[in-house]
Amino acid sequence: MIQCPQDLFICDSIHVGESSLGGRGVFAKSSIAEGELLVIAEPLAFSPADADEGPAEHLTSNFDLQGNTAFQVEQYNAITVEASEIELPALPQCQLVVDEGTAIYHLPSFFNHSCDHSCSRTFRGNRIYIRANRDIAAGEELTMAYCSKYMTRARRAQVLEAYGFTCTCKLCKRQASQVDVLARLVHLPENELYIRLQEHIDDVPLSACNALVGIARKRGNTQDVVRWTQRLLDHAGQDDLAIACCLHLLNFGDEDDDGSIVKRLARAWKVRAASSTSYDEFALAWGQSSALQPLLST
């Protein structure tokens, strides 16, 4: 694997190879555990969110673009540096400091897209940290999401069109079969929609649970908010949605007698966090360091 100075850390368990998704991709040489740190990298070029020009403009004088224009390099390789995939409840003490903008990285640019991605990225400043968000088998291609999987399938397809491909991952295929279900429900009156969504919750779990939470919150029905948030958590990965669900459940006074919500929160945070320091910050910010600390340090 060709490494450049901006690749600060590369896990021994990964390598770059030819991908069935097109071009090259990143693969697991051996099994990888959920939460394992895979890559730390600084950008080859970075452009702040309020800049007039993209990061590729800074590459033209320092790198061989191999016949590509700066626009092409940026279009297919740029990564948006942002704090979170979805809005999280306010935890100001533990928010990572992120220089929002657009960046081009070396090794991270080899990760291909899947909406049902196996790796998650976080940032400190404009330095990127990539971790496995689930267990990954040897030989499996590692993927990241180029756009939020919590967008509608149609919106994701629109975003990915700019990258020049159509996603055919498991999530997209599954949601393609769910479109008719949602189309039949979306225009129903709220009361009927609330009932019908519950009937179809196994067909469209994320969309149905999210909508049910919204309706229950609008009605001020705390019991149902907790109920549907718990169901939403059942279908969430180890990502920002899981963190948001756990925090909502704890904020709504869920008893969590067996500590399962705190444990799930700790697991999701470990995948999202950029370093072990963040776990300490998180435990301190959440005010449950005695309960969280043993989980966060394992």
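Readers should treat all values here as calculations from the given coordinates under stated rules, not as data from a laboratory. In this text, all values refer to a predicted model and were calculated from it rather than measured experimentally. Counting neighbours? That spans all protein chains shown, and the Cβs are built from the backbone with ideal geometry, glycine included.
Where both residues lie in the range 111-194, what percent of DSSP beta bridges are antiparallel, nearest 5? Rounded to the nearest five, the antiparallel share is 75 percent. The lysines within cross-link reach of Lys173, meaning a Cα-to-Cα straight distance under 24 Å and a gap of 8 or more places when in the same chain, are Lys149. Of Lys29/Lys170; Lys218/Lys263; Lys218/Lys270, which pairs sit farther than 25 Å apart, going by alpha carbon to alpha carbon? Beyond 25 Å: Lys218/Lys263; Lys218/Lys270.
Averaged over residues, the count of other Cβ atoms within 10 Å places the peptides 6-16, 99-109 in the sequence 99-109, 6-16, highest first. Short-range pairs are left out: with C-alpha atoms under 8 Å and at least six residues apart, the relative contact order of the range 104-221 is 19 percent. Within the range 204-242, list the residues whose amide N lies under 16 Å from a label point set 7 Å along Cα→Cβ of Gln198. What the label zone holds, given the 16 Å backbone N cut-off, is 208-232.
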